[in-house]
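Remarks on the structure that follows.
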Amino acid sequence: MNTRRISWIHLLAVILLFFATPLQAAAEECEENPRAKMRIARERRARQAQRLISRLDLTRAQSRKIVALADEAAVLHLAAYESEAQLLPLMIDTFSQFAAEDRLNQGFSEDVERRTVRLHHRAKRVREQFTEKIIELEEQTKKLLKKTQRDLLTTRPRKARDDRPERNDARSRARAAAREREMERRRPLRDAREELRALHRQKHPSAGPVGKYLLHPEGAAELCKQANIEMPSDLAHAVAVLRDGTADFPIDETERQKIELRELRDEINNWNLINGLHLTEDQIGQITELYDEAVKPDWEIKPRDRRSGVARDAVYTLELKIEEALNTGQRRVLAEFSPCLIPPKNLKDPVLVGQAGDNSRYERWLERARETSNKRLDSIINASLDREAEHHGVLDKKARRERFVALRKAVRRASAMSDAEFEMNKAELAEAIAPPDRIQHAKDKVADLSRRLKETGVVAHFMITPGFVDQLRVRGEQLARGVDSERVDLAKAPQAENCEKGCAVNPVKNADSWPKKHELRSKSD
Amino acid sequence: MTRPPFDRREFMAALGKCAGAACLCGGAAWGAGPAPADSKLKFTREVDHYVRRPGKQIQCFVCPLDCILNDGETCFCRTRTNVGGRLYTRAYNNPCVLRIDPIEKLPLNHFRPGSKTLTLGTGGCNVRCLYCQNWEQSQKMPDQVKSFKLTPREVIAAAKKKKVDTIAFGYTEPVAFLEYALDIAILAKKARLKVVAATAAFVKPEPLCEFAKYVDAFVVTLKGFSEEFYYRSLGIQLAPVLAAIKTIKHETKAWLELTNLVVPTYNDAPEDIRGMVKWVRDELGDEVPMHFARFVPTYRLSNLPRTPVQTLEQACEFGRDAGLKYVYTSNLAPHEGSNTRCANCGAVCIDRLGFKVLSNNLKRGACPECRQKLPGVWT
């Protein structure tokens with residue numbers, strides 16, 4: 001009996017070993033191989049599309065019309081893909097130079113910064129235009145759906161587990177009650193996170209599930225398969241390109257470049273944060289030591305790991321320790337940090353660091369508006385409100401009207417002031433009219449609730465990652481090494497003007513521009 | 001049938017008149033923008049320190065340049081002009097900078113921390129720094145920049161209205177508008193306001209002492225520590241600056257802090273910085289706060305990078321090694337170097353984020369931990 005059990009265990013171990021080795025190899029391959037990553041993403045998308053199709057329970061006529069729209073979307077996908085593929089090598093080249101300068105933390109050369117900004121905006125425009133058009137198609141698709149189907153898009157699908165018959169023993173009831181209590185406890189945090197996400201979505205609109213899954217070539221292909229519809233030519237071409245690539249669309253190369261670009265962006269984000277925090281050598285030593293102590297070689301922190309209880313608690317403990325190593329100002333900077341390519345003003349200007357926001361835009365606006373005629377003022381305010389809507393989200397009619405009145409009142413106040421008075425008060429006026437930073441407010445709320453619920457926060461999110469810590473080590477080495485600043489040859493450098501050939505400047509030729517005798521005040525006056 | 005008080009035509013005519021009048025009034029009000037810089041100097045005042053020479057020539061004695069000017073010529077500082085054998089300032093009543101700032105921005109860390117200043121500056125400067133951070137104002141004549149007409153009395157009234165109890169002269173060089181600054185300072189003292197000045201201290205002792213009588217604190221920018229650097233990169237000499245700093249420290253009652261903008265490859269040589277901090281300790285004492293500020297590429301040195309943080313930290317280290325008790329980094333936030341620590345026990349007495357005071361833990365000017373008094377003006 002005993003022998004038989006041993007043999008079973010042996011057999012199980014052999015089977016596990018047999019499967020585990022290739023599984024692990026496959027997992028490692030996924031980490032490295034862009035094609036494997038693509039395949040995983042594609043399969044995930046197809047699964048989501050499948051689920052959506054089965055939930056919506058589309059009729060054949062609906063499916064046909066949706067496939068026709070997906071065919072249009074396929075053309076957009078290919079066009080966006082092509083534009084992106086053209087930009088990628090340029091972006092990698094420029095962003096690499098930008099990252100190299102960021103690493104030195106001595107500001108950016110004008111040329112590199114300008115090229116980086118330009119490429120970033122070009123890529124952003126491509127993305128935005130594509131999203132805009134997909135959203136348009138999504139709206140058209142939604143019109144093809146019945147109300148009940150449209151409602152399904154906004155509700156979460158019930159999990160399969162919930163469909164199982166509930167066990168009614170005391171233990172299950174207690175477990176369910178505990179789960180319910182836990183959910184209730186975490187509800188404010190969940191709501192705050194949802195609010196933050198909604199604000200981000202308002203700022204950067206994105207397609208919904210229909211645009212994301214059903215109108216994506218992969219999802220549309222699934223729909224064709226399920227509804228037994230022949231794929232239109234553009235859609236078929238897009239599917240072929242996105243699956244395996246073609247001679248004109250070498251997908252492997254593009255995916256590799258995308259990954260490289262993503263890594264570069266991560267690197268730049270990290271440098272921007274490291275540069276903004278101005279950590280001292282001691283602080284860097286302390287943080288890296290804490291990280292090394294907490295993170296064992298076999299325990300690699302990834303977002304996925306953070307979800308498991310043990311890792312989450314460990315990360316939370318580590319976060320508290322790292323937070324202690326930071327000073328108040330650094331904690332404030334971290335709370336306000338958003339991943340960025342070009343560091344914002346409040347990350348590099350010592351006047352603005354830790355301040356709510358940079359209101360100089362509103363100071364300049366007030367300066368212009370107070371000089372504007374009454375007739376043109378309304379149109380200026382409306383234009384400003386339109387611009388604001390792009391950044392802070394669209395206001396409803398009543399809120400817009402209130403904001404309009406507030407702006408007009410501020411401009412009238414500014415106009416009534418003398419120039420000197422306005423100069424002294426413009427910062428205050430600008431602060432009063434600047435719209436509240438709803439995103440920062442929501443972020444602060446999430447951070448506060450996370451701390452109360454003992455959940456990880458921004459420190460864990462931005463600083464407890466292998467990439468960040470590696471870069472921190474590089475900065476530590478830089479600080480330890482010091483700077484070998486070669487002295488410039490002052491004789492060959494630009495020379496300041498001096499009094500060697502006489503002190504007088506700009507002798508006045510035209511005596512008319514001078515004041516009359518009676519306008520001058522003498523010492524005895 | 002009774003006639004209405006006015007018919008439609010009369011009503012429309014009246015409405016038109018009203019609208020016209022409203023437009024005129026409104027237009028006048030809305031059109032009143034900033035007045036253009038006046039080419040005629042209506043706000044001039046005669047300079048105090050100069051001598052007349054034959055042939056309507058004059059010699060200015062405000063700064064060590066001792067400019068000799070013919071009729072119609074303007075001093076190196078761009079603010080004082082010989083008008084018919086008399087020297088007048090073009091900067092009087094003509095501030096182009098008018099801001100409410102934290103006092104830490106000057107930078108002053110040991111003088112009423114956390115308070116606000118009404119800071120004024122005019123166009124013009126008697127120094128030609130290649131890396132001037134405010135060159136758009138300082139390297140022009142007062143009437144070449146947009147300015148606000150403000151008499152000394154109006155400055156005091158403005159400060160009171162804004163509930164600011166310190167008037168500061170900064171952004172540009174107060175020596176260039178010394179007459180204006182002096183008159184404001186005199187009135188400020190009468191109104192029980194504090195006066196502070198940020199200067200390069202390239203000024204003769206007499207005008208300096210006269211001005212210093214009314215000044216509560218000076219921040220002197222000691223820009224480097226070699227005559228060659230001063231001459232080639234600023235166009236002036238170092239020796240008079242050192243003499244003026246010693247005068248402020250030993251012959252006036254004003255509080256003194258020093259600042260040095262560290263320009264990569266120009267004035268960041270370790271031997272220069274060591275020499276500077278040693279001079280400060282020997283000539284001024286170890287309690288004078290010293291700030292090392294980060295350079296931001298601008299003006300004629302816009303090709304240079306920002307000062308590496310390591311260089312600033314190293315400069316602070318040199319200061320501490322030399323025995324200076326209060327060494328700060330400036331223009332760098334958030335950084336440990338902007339906090340005031342007790343020289344005795346190392347406790348954080350004032351926690352700052354950039355120019356903002358996060359917490360002031362001083363108890364009557366003493367360390368909250370060891371009760372050691374910290375030098376400075378705390379109330």
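Worth pointing out:
- Equivalent ellipsoid semi-axes, the protein assembly as shown, via Cα gyration tensor eigenvalues times 5, rooted, Å: 61, 39, 27
- Gaussian network model of chain B, springs between alpha carbon atoms under 10 Å - residue of B:Thr44, B:Thr259, B:Thr199 with greatest fluctuation: B:Thr44
- Cα-only Debye scattering, region B:190-253: base-10 log of I(q)/I(0) at q = 0.20, 0.22, 0.25 Å⁻¹: -0.76, -0.88, -1.05
- Rg [Å, one decimal], Dmax [Å, integer] - region A:49-94, C-alpha atoms: 16.5, 49
- Radius of gyration and maximum dimension Dmax of region A:133-263, Cα, Å: 21.2, 64
- Out-of-range pairs (alpha-carbon distance over 32 Å; input A:Lys321/B:Lys363; A:Lys501/B:Lys253; A:Lys501/B:Lys249; A:Lys147/A:Lys398; A:Lys409/B:Lys116): A:Lys501/B:Lys253; A:Lys501/B:Lys249
- Put a plus charge on the Cβ of each Lys and Arg, a minus charge on the Cβ of each Asp and Glu, and nothing anywhere else: the dipole of the protein assembly as shown about its Cα centre is then about 4140 debye.
- Equivalent-ellipsoid semi-axes of region B:116-243, from the Cα gyration tensor, Å, largest first: 26, 17, 11
- Debye equation applied to the C-alpha atoms of region A:391-510, log10 I(q)/I(0) at 0.20 Å⁻¹: -1.15
- Working from label points 7 Å from Cα in the Cα-to-Cβ sense, the A:Asp444 to A:Gln129 distance is 4.0 nm.
- Least to most buried among B:Cys316, B:Cys125 (fewest other Cβ within 10 Å first): B:Cys316, B:Cys125
- Cα extents for region A:69-163 along the principal axes, largest to smallest and rounded to whole angstrom: 58, 35, 16.
- Filter on B:Lys105/B:Lys325; A:Lys492/B:Lys56; A:Lys375/A:Lys443 - keep pairs with C-alpha separation over 29 Å: A:Lys492/B:Lys56; A:Lys375/A:Lys443
- Dipole magnitude of region B:174-283, debye to nearest 20 (Cβ charges: Lys/Arg +1, Asp/Glu -1, about Cα centre): 440 debye
- J(HN,Hα) series, region A:459-466, from Karplus relation 6.51 cos²θ - 1.76 cosθ + 1.60, nearest Hz, glycine and proline x: 4, 5, 5, 9, 9, 8, 9, x
- Cα convex hull of chain B, projected area averaged across orientations, nm²: 27.1 nm²
- With a cut-off of 11 Å between beta carbons, the residues surrounding A:Arg47 carry a summed charge of +1, where Lys and Arg count +1 and Asp and Glu -1.
- Nearest-ten-degree value, helix B:270-279 long axis tilted from longest Cα axis of chain B: 90 degrees
- Region B:167-299: translational diffusion in µm²/s, Stokes-Einstein, Kirkwood Rh over Cα pairs, 25 °C, 0.890 mPa s: 160 µm²/s
- Translational diffusion coefficient of region A:187-265 (Stokes-Einstein, Kirkwood radius from Cα pairs, 37 °C, 0.692 mPa s): 210 µm²/s.
- Here the Debye sum runs over all C-alpha atoms of region B:165-207 as equal scatterers in vacuum, and log10 of I(q)/I(0) at q = 0.34 Å⁻¹ comes out as -1.23.
- Largest GNM mean-square fluctuation across B:Glu257, B:Glu173, B:Glu287, computed for chain B with C-alpha springs under 10 Å, falls on B:Glu287.
- B:Leu256 long-range amide H proximity, modeled H, under 5 Å: B:Phe218
- Region B:78-165 - Rg (one decimal) and Dmax (whole number), Cα, Å: 14.9, 47
- Within chain B: Cβ-based charge dipole about Cα centre, in debye rounded to nearest 20 (Lys, Arg +1; Asp, Glu -1): 1560 debye
- Per-residue mean of foreign Cβ neighbours for B:334-343 is 4 (Cβ atoms of other chains, 10 Å radius).
- Between amide H atoms placed 1.01 Å from N, distances below 5 Å from B:Tyr328 occur with B:Met290, B:His291, B:Phe292, all of them 5 or more places distant or on a separate chain.
- Separation between Cα centres of region B:150-193 and region A:429-475, rounded to whole Å: 42 Å
- In order along region B:66-75, phi translates into HN-Hα couplings of 6, 4, 9, 10, 7, 4, x, 8, 10, 4 Hz, rounded to whole numbers, per the Karplus curve 6.51 cos²θ - 1.76 cosθ + 1.60 with θ = phi - 60° and x for Gly and Pro.
- Centroid-to-centroid separation of region A:237-272 and region A:97-149 [C-alpha atoms, Å]: 15 Å
- Farthest toward the positive end of the dipole of the protein assembly as shown, out of B:Ile68, A:Leu449, A:Leu145, is the Cα of A:Leu145, where the dipole comes from beta carbon charges about the Cα centre.
- Amide H contacts under 5 Å for B:Cys349, placed H, 5+ residues apart: B:Thr340, B:Arg341, B:Cys342
- For chain B, built as a Gaussian network whose Cα springs stay under 10 Å, the top-fluctuating residue of B:Ala217, B:Ala366, B:Ala200: B:Ala366
- Whole-Hz Karplus values for region B:194-205 come out as 8, 10, 10, 9, 9, 9, 8, 6, 8, 8, 6, x Hz, taken residue by residue from phi with 6.51 cos²θ - 1.76 cosθ + 1.60 and θ = phi - 60°; glycine and proline positions read x.
- Relative contact order (percent, whole number), region B:105-201, Cα cutoff 8 Å, 6+ residue spacing: 34 percent
- Kirkwood estimate for region A:236-295, i.e. one over the average of 1/r between Cα atoms, Å: 14.9 Å
- Listed residue (A:Ala236, A:Ala221, A:Leu52) projecting farthest to the positive dipole end of the protein assembly as shown, Cβ model: A:Leu52
Only the coordinates and a few stated rules stand behind these numbers; no lab work does. These numbers were taken from a predicted model, which means no experiment stands behind them. We place every Cβ from the backbone using ideal geometry, glycine too, and count neighbours over all the protein chains shown.
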